[in-house]
Structure formats: structure tokens, C-alpha cells
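The values are calculated or read from the model by the stated rules, or taken from the named source; none is laboratory data. Worth saying up front: this structure is predicted, and the values here are computed from it rather than measured. As a convention, Cβ positions derive from the backbone with ideal geometry for all residues, glycine included, and neighbour counts pool all protein chains shown. With ligands, DNA and RNA removed, areas are computed over all heavy atoms of the protein, side chains included. Shrake-Rupley method; radii C 1.70, N 1.55, O 1.52, S 1.80 Å.
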Amino acid sequence: MPFEHPYKPNRPEHPYQENPGGTPPHSAPDADLDAAVRDVVQAGSRFGSAVLGGLSGVIHKVGEALASRNLADKSVPFSTWKQRLDHKLKNDPEEDSLALSVIGWVLAAGLGIGTLASAIAAGVNGGEPGFIILMVCLAPAAAGCAILGWRCGCQYSLYRHLRSYLQFSHDWTAPVAELAAQTGQPQSRVQSELRKGIANGALPGVALSRDGETLYWDDARYTPPAAQDTPAGETAAPQSEGEALRREGVDFLNYLRSCRGRLDESADEQLAAMQKVCGSILGFAHNHPEALPRLRRFRDYYLPTTRKLLDTALGLGDTGAAAAEQMRGEITGILHTLNTAYTKLYDTLLQDVRLDVSTEIDTLETMLRQDGLTHDFSQDFGPAPKQL
């Protein structure tokens, strides 16, 4: 008879002793059940991860949309809008630029070390082709990563400076000179960085005055000045027809001068001739304002059309395509026709002056004869006879 503890009944020393003919607690059916449970749990976790990942993306997009909407709402106090923009600049472009800059420089350092090691190995092994190829492959990659790091570093510096300009602003309108003084940056750099931030969308709804002296965090508060400001109480004087022709003509002559050397030699000859005859026409118009009505079509149609054709020819570039060569040839050919027309126009303008000059000469000759100052105008005032 086995010994029994006086206070504790005897129990089987092994759990299998209670049921000698039974199965162990973790038998084959139980193991299958555990595996099935684990599979279900793993599948559920994967499904949950996918769902949460999708939800996080949706939440991120919704957050971006709400942030943009909050930045567009400028009916709130400036301090509230200022915090929103600062949060956006810090969490989006600034941190991303810093991370990409660090990654670029780290990769550039690693690839640079690999390039140097390959060069040393190639030198030690007598120019082994494998090391040379490896060096040639690693060097451009290192340079590209360095450029990435540098550009992203510049972007990080830009966004950091934009945040500092925002922090030192206390109202919707901020003088750029004060921002430059408080941040310790040159005023020209402050203006340049603000223009970049406005252009790339980092500063939505922000405007910089035309002279670059005032920053408007709310562009609705900025009223651009008129194209030509006039003093109070005065009105801008209308531009005369002669002044308009002079300005447009001088601009056209400068344009012709800039086109020379950008096409072929025949075009340069025609451009030089056109510059000469158009200059003569403009000089004639300056000396004879009465001829301005006859030059209106020259100013309003011929000059702009000529410039448009030359712009087209220059815009074709240096490509050797058949269509481009044909267009350049046609435009170069029309230049000769235009020069002929402009020369004829100048001759026509001179006809009236020539008639006036002839009339004046005849009148002068008659008066000299009447006053007895000469008896033969052609003999007294004509060219001297040739000496034999």
C-alpha cells in the first residue's frame, strides 16, 4: 500500500497515469487545431496591416487636403495661420529634404570610398580590367549621389530660412528689410528665397511686391501698381505717333542686330541690308513727321510680321530635319523680298522730297535772275569745268 501524505492525497506522478490508455494532451488533432489558429491569426494580422496601411495613406491624403484648406482659409488670426504654415513646412518639405540630403551624402561617401579602393586595387594589380570597370561604374554613381545630397541640402536650407522669415513676421504684411535684419541674411537673398518659395508652392497664397520691398502673407491684401505710375493730380501724356514709331523702330533694329550670326551667311547679308534700309526709313520719318501716316502699315504690320518670321526661324534650332531646313530656306528667301519692298518704300518717300527740292531750286534760280544776281545759274553755280 503506497504511503499517503497525512494532509495531501496522493496524485499520479505523471499526468498520463490517470488515463493510461488515453492520448497525450497535445495529440495530432490538437496540433492541427493550433496550426489552424496560428494561420488564422497570421492571416488576420496581414489583413489588418494592409487595412491599416491603406487607412494611413487615406488619412495622410485627407490630412494634406485639410492642411491645404486650412492654409487657404485666411479669415483666422495671423498667429493661427502662421502655426499651420510652419507645421506644414516643417513636416513635409524640410524633413524630406534633410533625409534625402543625408542619404545622398552617405551614398556618395560610400561610393566614393569604393571608387578610391577600386583605383588603388587597379594600380596595385597592374591595371586589372575588372577594377578599372568597377571604378568607372562607381565614379558616376558617387557624383550623382553627391549632386543629390547638395541639391536636397540647398532645399533644406531654403525651407529652414522660409520658416525663420515666417517666425519673425507678426502680421499679414512684413517689410523685407526687417526680415533680412532679424534673420541676418542679405536682403537680396531674402527676396530670392521668397520668390522661390512662392514659385514652387511652398508659400501658398503669398505675394511679394513688384519692388521686392514688402511681403504679403495674404496675396489678397496686395494691389499691384499700374504699369506706369503718374504723380497725383497728373495724367499720363499720350504717346505721339512719331515717338511710338521711333521706339518700336529702335527695338526692331536691335532685334535684327541680335539675329545676325544665328542663321546662315545669306541670312546675315539680308539682315544687314534690312537693318540699313529700315534705319534710313526711321531717320526719314524723324526728319519728316508729315510722312508718318504713310508709315503706319510699315509699323503696324510689316515690322511685327518680319520679327515673327525670324522668331520662327530661330526657334527651329540647329536640327537638320528636312522640314526645318525647308522652313529656314523659305524665311531666308522672303528676307530678300522684304528688303526689296522696304527699299522701294524708302524710294517712294524720297519722291515727294525730290519734287519739293526741285521746286525750291527752280524758285531760287528764278529769284536770283530777277534780282540780277546771276545770268546763268548752271554756269555760276554748276560744277567747275575739268582741267585738261
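Could you list, in sequence order, the residues of segment 185-204 that are small (Gly, Ala, Ser) and either in a strand (DSSP E or B) or open to solvent by 30 Å² or more (accessible area, probe 1.4 Å) (or both)?
Looking only at segment 185-204, we keep the residues that are small (Gly, Ala, Ser), and these are 188, 192, 197, 199, 201-202.
Hits for segment 185-204 are Ser188, Ser192, Ala199, Gly201.
When the residues of segment 284-294 are filtered to those that are assigned to a helix (DSSP H, G or I) and open to solvent by 30 Å² or more (accessible area, probe 1.4 Å), which remaining residue is farthest from Asp251 (Cα to Cα)?
Glu290
Report the residue count in segment 125-180 for those that are part of a helix (DSSP H, G or I), open to solvent by 50 Å² or more (accessible area, probe 1.4 Å), farther than 28 Å from Tyr222 by Cβ and not hydrophobic (A, V, I, L, M, F, W, C).
Qualifying residue count for the region: 4.
Out of curiosity, is Asp229 acidic (Asp, Glu), at pLDDT below 70 and within 30 Å of His286 (Cα to Cα)?
Numbers: acidic (Asp, Glu): yes; at pLDDT below 70: yes; within 30 Å of His286 (Cα to Cα): yes.
Yes; evaluated as a whole, the condition is true for this residue.
So is Met327 over 25 Å from Asp347 (Cβ atoms) and touching a Leu at 6+ places or on another chain (Cβ under 8 Å) or not?
Working: over 25 Å from Asp347 (Cβ atoms): yes; touching a Leu at 6+ places or on another chain (Cβ under 8 Å): yes.
Spelling it out, Met327 is indeed over 25 Å from Asp347 (Cβ atoms) and touching a Leu at 6+ places or on another chain (Cβ under 8 Å).
Would you confirm whether any residue within segment 105-113 is open to solvent by 60 Å² or more (accessible area, probe 1.4 Å) and farther than 24 Å from Ser157 by Cα?
First, pick out the residues of segment 105-113 that are open to solvent by 60 Å² or more (accessible area, probe 1.4 Å): 105-107, 113.
Adding the requirement that they be farther than 24 Å from Ser157 by Cα leaves 113.
Yes - at least one qualifying residue is present in segment 105-113.
Going by the structure shown, is Ala119 open to solvent by less than 80 Å² (accessible area, probe 1.4 Å), among the hydrophobic types (A, V, I, L, M, F, W, C) and under 31 Å from the mean Cα position of the chain (by Cα)?
Working: open to solvent by less than 80 Å² (accessible area, probe 1.4 Å): yes; among the hydrophobic types (A, V, I, L, M, F, W, C): yes; under 31 Å from the mean Cα position of the chain (by Cα): no.
Considered against the rule, which asks whether it is open to solvent by less than 80 Å² (accessible area, probe 1.4 Å), among the hydrophobic types (A, V, I, L, M, F, W, C) and under 31 Å from the mean Cα position of the chain (by Cα), Ala119 comes out as no.
For the subset of segment 295-341 comprising residues that are loosely packed, with under 12 Cβ neighbours inside 10 Å and outside any helix (DSSP H, G or I), which member is modelled with the highest pLDDT?
Going through the qualifying residues, I end up with Ala321.
Which pairs have Cβ atoms under 7 Å, sit 6 or more apart or on different chains, and link a residue in segment 98-124 that is charged (D, E, K, R) to one that is in a helix (DSSP H, G or I) and surrounded by 17 or more Cβ atoms within 10 Å (Cβ to Cβ)?
none
Looking at segment 261-277, which of its residues are more than 18 Å from Thr340 (Cα to Cα) and crowded, with 17+ Cβ neighbours inside 10 Å?
First, pick out the residues of segment 261-277 that are more than 18 Å from Thr340 (Cα to Cα): 261-265.
Within segment 261-277, just Leu263 meets the criteria.
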